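As structure tokens, the structure follows; a few thoughts come after it.
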Amino acid sequence: MMMIDVANAHPRYRRRRKVIQEIIRRVLWKERRHHADLGIVFIDDRRMRILNATYLKHDFPTDVLSFPLSSPRARLLEGEIYVNLDQARRQAKEFSVTFRGEIYRLVIHGTLHLLGYDDHTPSTRHRMTRKEDLYLKGYD
């Protein structure tokens, strides 16, 4: 059972739910996870700044935040992913990629965090980037 809820909470931009759900399902399937209840919320700088201040004590917006609601090893993977579409737009320009492609990368990145991957060191960051590149194929 895979439940993936997509919420468009950004005041201007909207993302297609079916594509986002398909991308997350693809990541979970390739990672051999077949039971998940995930929520993904597309937000703006203001909301991301509030989440960062509340939960991480940072006073700035970031691109993506993942909140695991279960252990990465639990049979049912539960969690929430918040993607900042304002930051995604800036990063798309900075990295010379499409806005859509950057959003997809952030969705994949957030999903990998829920699966237990981290990016705290150069080697773990490299591992996550390789996975993101693999799962982005066909979507970018």
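The values are calculated or read from the model by the stated rules, or taken from the named source; none is laboratory data. Computed from a predicted model, the values in this text were never measured in an experiment. For neighbour counting, all protein chains shown are included, and Cβ atoms are generated from backbone atoms with ideal geometry for every residue, glycine included. Side chains are part of the model used for accessible areas, which takes the heavy atoms of the whole protein and leaves out ligands, DNA and RNA. Shrake-Rupley method; radii C 1.70, N 1.55, O 1.52, S 1.80 Å.
Of all accessible surface on the chain at a 1.4 Å probe, what whole percent is carbon and sulfur? Mind dumping the intermediate values first?
On the way: 4150 of 8070 Å².
The value for the chain is 51 percent carbon and sulfur by accessible area.
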task = About the Cα centre of the chain, how large is the charge dipole given +1 on each Lys and Arg Cβ and -1 on each Asp and Glu Cβ? Please answer in debye to the nearest 20.
result = 400
task = Determine the distance separating the Cα centre of the stretch 92-140 from the Cα centre of the stretch 1-36; give it in Å without decimals.
result = 15
task = Work out the length of the dipole vector of the stretch 69-114 about its Cα centre, built from +1 on the beta-carbon of each Lys and Arg and -1 on the beta-carbon of each Asp and Glu, and round it to the nearest 20 debye.
result = 120
Amide hydrogen neighbours beyond the local backbone of residue 69, cut-off 5 Å, H modeled = 78, 79, 80
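Is the shape of the stretch 13-54 best called rounded, prolate or oblate, per the rule: a/c under 1.5 gives rounded, else a/b larger than b/c gives prolate, else oblate, with a ≥ b ≥ c the square roots of the Cα gyration tensor eigenvalues? Before the final figure, lay out each step's value.
Values: a/c = 3.60, a/b = 1.80, b/c = 2.00.
It comes out oblate by the Cα gyration axes.
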task = Pull out a ≥ b ≥ c, the square roots of the eigenvalues of the alpha-carbon gyration tensor of the chain, then state rounded if a/c is under 1.5, prolate if not and a/b is larger than b/c, and oblate in the remaining case.
result = rounded
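Rounded to the nearest 0.05, what FRET efficiency do residue 16 and residue 37 have when you use their Cβ-Cβ distance and R0 = 30 Å? Could you put the intermediate results ahead of the total?
Values: r = 21 Å, r/R0 = 0.69.
Calculated transfer efficiency: 0.90.
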query = What residues qualify as long-range amide H neighbours of residue 41, i.e. H under 5 Å apart, gap of 5 or more or another chain, H built at 1.01 Å from N?
reply = 7, 81, 82, 83
query = Across the chain, how many lysine pairs, 8 or more apart or on two chains, come within less than 21 Å at their alpha-carbon atoms?
reply = 5
